[in-house]
Amino acid sequence: QVRLVESGGGLVQAGGSLRLSCAASGSIFSINAMGWYRQGPGKQRELVATFSSGGRTNYADSVKGRFTISGGSVRNTAFLQMNSLEPEDTGVYYCNAASRGINYWGKGTRVTVSS
């Protein structure tokens with residue numbers, strides 16, 4: 001079992017920045033990938049960015065050049081640096097961890113970008 005807790009969401013004006021954090025606990029040594037997903041108002045949950053234990057990263061086209069995903073010095077953390085935020089980035093951001101073929105999710109942190 002892996003438990004994920006997100007933090008760092010909030011209200012920001014367009015063009016601003018936020019940094020999201022995700023802390024994992026439990027069977028962290030079996031985690032082989034972590035990432036961030038989001039769900040905007042009236043939209044389906046979508047991938048934002050992921051990274052694997054091998055160091056590969058993957059970004060949604062809509063956030064390339066603006067968002068950066070990284071892992072902490074220990075294996076059980078993930079960060080999402082979000083710059084040049086746009087109103088379209090508004091939504092609930094969820095941390096995801098893949099472990100032994102199972103996807104685990106946090107409860108989410110809300111990001112609101114005002115125009």
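The values are calculated or read from the model by the stated rules, or taken from the named source; none is laboratory data. From a predicted model like this one, the values you see are computed outputs, not experimental measurements. Glycine also receives a Cβ, built like all others from the backbone with ideal geometry; neighbour counts cover every protein chain displayed. When the accessible area is computed, the model is the full protein with side chains, heavy atoms only, and any ligands, DNA or RNA have been set aside. Shrake-Rupley method; radii C 1.70, N 1.55, O 1.52, S 1.80 Å.
With all protein chains in place and ligands, DNA and RNA left out, the 1.4 Å accessible area ranks Glu6, Glu88 as Glu88, Glu6, largest first. Calculated accessible area for the stretch 6-102 comes out at 51 Å² per residue, all protein chains present (probe 1.4 Å; ligands, DNA, RNA ignored).
Rounded to the nearest 20, the size of the Cβ-charge dipole of the chain about its Cα centre is 320 debye, with Lys and Arg at +1 and Asp and Glu at -1.
Sparse packing (at most 13 other Cβ atoms within 10 Å of the Cβ) combined with a DSSP loop state is found for the following trypsin sites (Lys or Arg not before Pro) in the stretch 16-56: Lys43, Arg56.
Calculated over the chain, the projected area of the Cα convex hull averaged across directions stands at 6.6 nm². Accessible surface of the chain, 1.4 Å probe: 48 percent of it comes from carbon and sulfur atoms.
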